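Chemist: Before I ask anything, let me first share the structure, which is written out below as structure tokens.
The values are calculated or read from the model by the stated rules, or taken from the named source; none is laboratory data. None of the values given here were measured: they were computed from a predicted structure. No Cβ is skipped: glycine too gets one built from the backbone with ideal geometry, and neighbour counts run over all protein chains shown.
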Amino acid sequence: MSVLDSLIKRVPTVVLAAVAVLATVLVLWAGEAAYQLHTDGPAANHALTDVAGTGAVIDSVTEAVETVFSYEYRDTARTREAARELLVGPAVEQYDALFTQVEQRAPERRTVLSTAVRSVGVEELRDDRATVLVFVDQQTLQGDGTHTSGASQLSITAVRSGDTWKIEDITVL
């Protein structure tokens, strides 16, 4: 038997072994890619698939926004106290900076601000974190009878705290 005959007999075995190795590598790569898509990719966003979870985010964020962005000049302390319960992280500092000005000006102008959430969309819901787009209408009444209204858009980051969601970050759009 010549060397050439020996090689010809081994080629199918070598080719089969190479194909088996290549197939194994492809299966491992596909499995890792599928895992990454599920844990980090679009499939990990439960905003459209978890109806109950999305509803809980919407309810909590709606209540929090309407509460912390509505006040009556005679009792701003009540609004500030509510904010302490509904805000966490960077949102606390953001709110404190804004509300300090409100506490200074509201009594002198006898301001009443009413905020109503008109629409909420959960852009992303992953585990204990959500990104929410909120459209609000605001009505302001001053002691001199001046009445103004306006609308705003907010991008809110909410985090789960126990059974409820709290606002962690607020961006006015």
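Chemist: Scan the range 61-84 for residues that are loosely packed, with under 13 Cβ neighbours inside 10 Å and within 18 Å of residue 130 (Cβ to Cβ) and report the count.
Modeler: Qualifying residue count for the region: 0.
Chemist: Could you tell me which residue of the range 62-107 is farthest from residue 160 (Cα to Cα), considering only residues that are among the basic types (Lys, Arg) and without any contact (Cβ under 8 Å) to a residue 24 or more places away in the chain?
Modeler: The residue in question is 105.
Chemist: Does the range 153-171 contain at least one residue that is more than 20 Å from residue 45 (Cα to Cα) and of a type in the set (Phe, Trp, Tyr)?
Modeler: For the range 153-171, residues more than 20 Å from residue 45 (Cα to Cα) and of a type in the set (Phe, Trp, Tyr): absent.
Chemist: Considering each of 168, 124, 108 in turn, give the residue that is of a type in the set (Asp, Glu), within 22 Å of residue 71 (Cβ to Cβ) and under 16 Å from the mean Cα position of the chain (by Cα).
Modeler: 168
Chemist: Determine whether the range 46-55 contains at least one residue that is touching a Leu at 6+ places or on another chain (Cβ under 8 Å), modelled with pLDDT of 90 or more, of a type in the set (Ser, Thr, Tyr) and not in a loop (DSSP other than H, G, I, E, B).
Modeler: Looking for residues that are touching a Leu at 6+ places or on another chain (Cβ under 8 Å), modelled with pLDDT of 90 or more, of a type in the set (Ser, Thr, Tyr) and not in a loop (DSSP other than H, G, I, E, B), one finds at least one in the range 46-55, hence yes.
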